[in-house]
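Read the structure below first, then the notes.
The values are calculated or read from the model by the stated rules, or taken from the named source; none is laboratory data. As the structure is a computational prediction, the values presented were derived from the model and not from experiment. Virtual Cβ from ideal backbone geometry, glycine too; neighbours counted across all protein chains shown. For accessibility, only protein heavy atoms count, side chains too; no ligands or nucleic acids. Shrake-Rupley method; radii C 1.70, N 1.55, O 1.52, S 1.80 Å.
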Amino acid sequence: MNSVSASIQSDRQPMLEMRGITKRFPGVIANDNVSFDVLPGEVHTLLGENGAGKSTLMKILYGLYQPDEGDVLINGEKVSLQSPSDAIDHRIGMIHQHFMLVSSLTVAENVALGLSSTRGPITDLKQVAKKIKSLSDRYGLHVDPDAYIWQLAVGERQRVEIIKALYRDVQLLVLDEPTAVLTPQEVDDFFVILREMTSDGRGLIFISHKMNEVMELSDRISVLRLGRLVGTTTPQETTREALAQMMVGREVDNTREERPATIGRTALSINRLSVGGDRGVDALIDFSLDVQQGEIVGLAGVSGNGQRELAEAISGLRPIKSGSISLFHDGNPKPIGGLGPKAVREAGLSFVPEERMRDGAIGEFSVADNMVLHNHHSTRFSRGGFLNFGEIHRHSQKLVDDFQVKTPSIDTPAKNLSGGNIQKMIIARELDSDPEVLIAAQPTRGVDIGAAEYIHARLVAARNAGTAILVISEDLDEVMLLADRIAVICQGRMMGVVDRIDASREQLGLMMAGVTD
Amino acid sequence: MSDVITTTVIVATIASGIRLATPFLLASLGEAIGQRSGVLNLGVDGVMLLGAFASYYVVLETESIWLGVMTGILTGLLMGLFYAIITVPLRAEQGVSGIGIYLFGLGMSDLLFQKLVGTPLPIDQFSEWHVPLLSDIPVVGEMFFQHTPMVYIAFLLVPIIAFIINRTTFGLSIRAVGESPESADSLGVSVPKVRFATIMAGNALAGLAGAALAIELGIFQQNLTNAMGFIAIALVYFGAWRAPGVMAGSLVFGMVGAIVLQAKTLGLIPRSASDIAAMAPAVITILALIIVANRFRQPAALTKPYVRGD
């Protein structure tokens, strides 16, 4: 209904129409009779929570999934998209959230991949490089065609993805959360490039959950919830709050709770820490930061600037090169750098890891088993090497109830839970021990709004109870919502700490880009 | 010592090293092609054995060496097709499947030999082909240009394969599929097609390696290869997945083998130590692997089946 009325408003023929798309997976309907269209030269945003069906719809458009019902029309003609090469043939491009780049190949090789060459079976990388140069000049994308992908920063990699699309003369481009890896200033530059593309008559499908970006960039906005199209609107007709409500299906509370006036003593102190990285370059250089009892410090930064290595170093998973990390007991420092995860936990630190399914939970294990992963060897849960299942079950059930983890039972394998509930399970486990210090890395990434709200509330409650919390997040909105003080990391160095009250997005953005005054 | 180790001995040893390196080179080039596209094949030795028997049998029956060589390649292609089917669309675990292929080849080649031949009969061997002009150069000619055709074929394949991998659109697809199949797929490169091609080409080379070995020796027996295929896999790691590196590894291995043989012939190694000396190539390979290991990264998607949409 919505898409029909939307297309009647315009006399232009849509370049893309998806009509009545339904896609079922065992146990779920990922898309339920969804209709969606894109006009030439417009940005049509697809908004929705994780699991709302955005990715499924786009995977159908890109030939990765086949719809159970419904049609896809390109320029008014029904098409069958059996594989990405069909989509490419119809000049559809997609920039995935995780870049589709081969890091051991050069920019030119990545662009040339899958295309025929002017020299028959032999690659013509010089020609490709020339065309890349002319495209980058025209659209203001600065990329060296001969650079290897692994040498490029994230922002540059994204420009390579754009070049790949432009090189193939893509008319319709899907952008899946493209700004997640950019600083606010880079986002501005990125939007300039996107507008340049729409001015050529190309259509863009923009997937994001950042309301300010959606409002700024979109011509139209369609909201999906639980696989259904809730409605299509324009930025002029709606507000951020109304969009959030459409997404979640209820009102969203985004007010923050100020910290209590009393701050305790220093609980975690990182002093001139240097840590090696995976690529031979040091991931942290001379990094210092203190976190006090009863405060949340947010560490902002663009992805891949040392945040992961910092979290691993603090939690004992990564050796340190120099400097120190200390926890404090009654004012006495206890160095924990390089002790290993078990000793660090015993010293009073809890850790919510960034890669929750890799480092935070074991998918095949039940919820109950996951709840005692860190302390199943304690006398409470085992005797003489034998697990005390009664106690483990009682304890897990209590945590599941307390933290509103939605699971059929505590014997369900963790991998069957939604991302938000897995994260609640991990938060429950980590907060249960009343830790003195909590490190929470990307605590709400990929988590639905409801669960994110709940997780934020629990973190704030733990802070109010005196826990020192370090939230490491690439989502600047989350940092600004949650943190009492905001630290910024760039290329492994501490760029500075500001009180949230004094912080502006512009200032933080500059710091994230490594600009110091 | 110096009156024993003459120029003639050195030249003969180097020539023999090149000859010994040939089956390793063919097999490890094949394995390298597969691994560059992300597919590990532990069954090389089994494919070599089947290729060796098939070519031996055909030469025995037809007395045509080149028909035997073609049969070895064909055997490899068939085994490759089978391995590709189970590992690409059926996504079987590559490590275990490869061991299965090895055991199949080991048992089947012996069974067929017992049923069809029984007692080992010698077959025609390759004759040397002296490269015109070049083979007349003193010393160098004798070392490099007085070999059987299979030696030239194997060493000519090195630049050819390097060129295909590095300079052609198909080679670019192979490298991309081995590093990031999802990226390749998203650009319309068919991951299954590329992997079928590399697996079959790689196995064809393993079959050819077996044929080269059987026809070089002029004989077949149970477990003729004696784990050469496994060494060929190690040489791929040694050679960092690159054709010239694989060639260097094969040459090191062949040379060490030739030196040990020569030393035994000259009586430089006491009889009692000859068994220990026979282990030298393996020990030296392991040492070389330790030195080379971790200098280069293996293809990121190695051993990982690709499932679209995950």
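For this structure, a couple of remarks:
- Subset of region B:144-182 that is small (Gly, Ala, Ser) and over 21 Å from the mean Cα position of the chain (by Cα) - its residue that is nearest to B:Ala197 (Cα to Cα): B:Ser173
- Residue within region B:246-260 that is away from chain A (no Cβ under 14 Å) and either outside any helix (DSSP H, G or I) or in contact with a strand residue (DSSP E or B) (Cβ under 7 Å, 6 or more places away or on another chain) (or both) present: no
- Some residue of region B:186-197 being among the hydroxyl-bearing types (Ser, Thr, Tyr) and within 14 Å of the chain's Cα centre (by Cα): no
- Residue within region A:139-151 that is outside any helix (DSSP H, G or I), open to solvent by 60 Å² or more (accessible area, probe 1.4 Å), more than 12 Å from chain B (Cβ to nearest Cβ) and at pLDDT below 90 present: yes
- Only helices (runs of 4 or more DSSP H) whose full extent lies in region B:133-236 are considered here, and the ones with at least 1 residues that are β-branched (Val, Ile, Thr), within 11 Å of another protein chain (Cβ to nearest Cβ) and closer than 19 Å to A:Pro121 by Cβ are B:149-167, B:169-179, B:191-217.
- Taken over region A:223-244, the criterion of being within 21 Å of the chain's Cα centre (by Cα) and closer than 24 Å to A:Asp32 by Cα is satisfied by A:Val223, A:Leu224, A:Arg225, A:Leu226, A:Gly227, A:Leu243, A:Ala244.
- Selection status of B:Gly105, within 14 Å of chain A (Cβ to nearest Cβ), open to solvent by less than 20 Å² (accessible area, probe 1.4 Å), assigned to a helix (DSSP H, G or I) and closer than 20 Å to B:Leu26 by Cα: no
- Checking the stated criteria, A:Leu64 turns out to be at pLDDT below 95 and open to solvent by 10 Å² or more (accessible area, probe 1.4 Å).
- B:Thr22 being within 26 Å of B:Phe145 (Cβ to Cβ), open to solvent by less than 10 Å² (accessible area, probe 1.4 Å), of a type in the set (S, T, N, Q) and assigned to a helix (DSSP H, G or I): yes
- Selection within region A:290-347 - among the acidic types (Asp, Glu) and either in a helix (DSSP H, G or I) or surrounded by 16 or more Cβ atoms within 10 Å (Cβ to Cβ) (or both): A:Asp290, A:Glu295, A:Glu309, A:Glu312, A:Glu346
- Within region A:85-138, considering residues that are in a strand (DSSP E or B) and under 23 Å from A:Gly155 (Cα atoms), the one nearest to the other protein chains (Cβ to nearest Cβ): A:Met94
- Selection within region A:41-59 - out of contact with any Lys or Arg (no Cβ under 6 Å at 6 or more places or on another chain) and closer than 21 Å to A:Gln171 by Cβ: A:Gly41, A:Glu42, A:Val43, A:Thr45, A:Lys54, A:Leu57, A:Met58, A:Lys59
- Every listed requirement among (1) crowded, with 17+ Cβ neighbours inside 10 Å; (2) at pLDDT 90 or above; (3) not aromatic (Phe, Trp, Tyr) is met by A:Lys398 save one, (1).
- Boolean, A:Arg358 is in a helix (DSSP H, G or I) and farther than 24 Å from A:Arg463 by Cβ: yes
- No other residue among A:Gln82, A:Gln66 is among the polar types (S, T, N, Q), under 19 Å from B:Lys193 (Cβ atoms), part of a loop (DSSP other than H, G, I, E, B) and within 13 Å of chain B (Cβ to nearest Cβ) apart from A:Gln82.
- Flag if A:Ser55 is open to solvent by less than 40 Å² (accessible area, probe 1.4 Å) and within 14 Å of chain B (Cβ to nearest Cβ): no
- For region A:156-165, filtered to residues that are away from chain B (no Cβ under 12 Å) and open to solvent by less than 10 Å² (accessible area, probe 1.4 Å), the residue that is modelled with the lowest pLDDT is A:Gln158.
- Criterion violated by A:Gly114 - all others in (1) at positive phi; (2) modelled with pLDDT under 90; (3) not assigned by TED's automatic domain parsing to the domain that holds A:Arg228 satisfied: (2)
- Test result for A:Ser80, open to solvent by less than 30 Å² (accessible area, probe 1.4 Å), more than 30 Å from A:Glu156 (Cβ to Cβ) and hydroxyl-bearing (Ser, Thr, Tyr): no
- The requirement of being hydroxyl-bearing (Ser, Thr, Tyr), within 18 Å of A:Gln491 (Cβ to Cβ) and either touching a residue at least 24 places away in the same chain (Cβ under 8 Å) or touching a Lys or Arg at 6+ places or on another chain (Cβ under 8 Å) (or both) is not satisfied by A:Ser315.
- Verdict on A:Thr179 being free of Cβ contacts under 8 Å to residues at least 40 places away in the same chain, of a type in the set (S, T, N, Q), away from every other protein chain (no Cβ under 14 Å) and surrounded by fewer than 20 Cβ atoms within 10 Å (Cβ to Cβ): yes
- A Cβ distance below 8 Å, combined with a sequence gap of six or more or placement on separate chains, defines the contacts here; from region B:50-67, residues that are open to solvent by 60 Å² or more (accessible area, probe 1.4 Å) reach residues that are among the charged types (D, E, K, R) in the pairs B:Glu63/B:Asp124.
- Unique residue being in contact with a Gly (Cβ under 6 Å, 6 or more places away or on another chain) and surrounded by 12 or more Cβ atoms within 10 Å (Cβ to Cβ) when the list is B:Leu261, B:Leu302, B:Leu251, B:Leu266: B:Leu302
- Residue check for A:Ile95: modelled with pLDDT under 95, of a type in the set (A, V, I, L, M) and open to solvent by 30 Å² or more (accessible area, probe 1.4 Å): no
- Every condition in (1) in contact with a Phe, Trp or Tyr (Cβ under 8 Å, 6 or more places away or on another chain); (2) open to solvent by less than 70 Å² (accessible area, probe 1.4 Å); (3) among the hydrophobic types (A, V, I, L, M, F, W, C) is met by B:Ala92 except one, and the failing one is (1).
- Cross-chain or 6+ apart pairs with Cβ under 6 Å, region A:417-442 first and touching a residue at least 60 places away in the same chain (Cβ under 8 Å), then surrounded by fewer than 24 Cβ atoms within 10 Å (Cβ to Cβ) and acidic (Asp, Glu): A:Gly420/A:Asp448; A:Ala441/A:Glu354; A:Gln442/A:Glu354
- Checked against the criteria, A:Arg195 does not count as part of a helix (DSSP H, G or I), modelled with pLDDT of 90 or more, outside the structural domain of A:Ala52 (by TED's automatic domain parsing) and charged (D, E, K, R).
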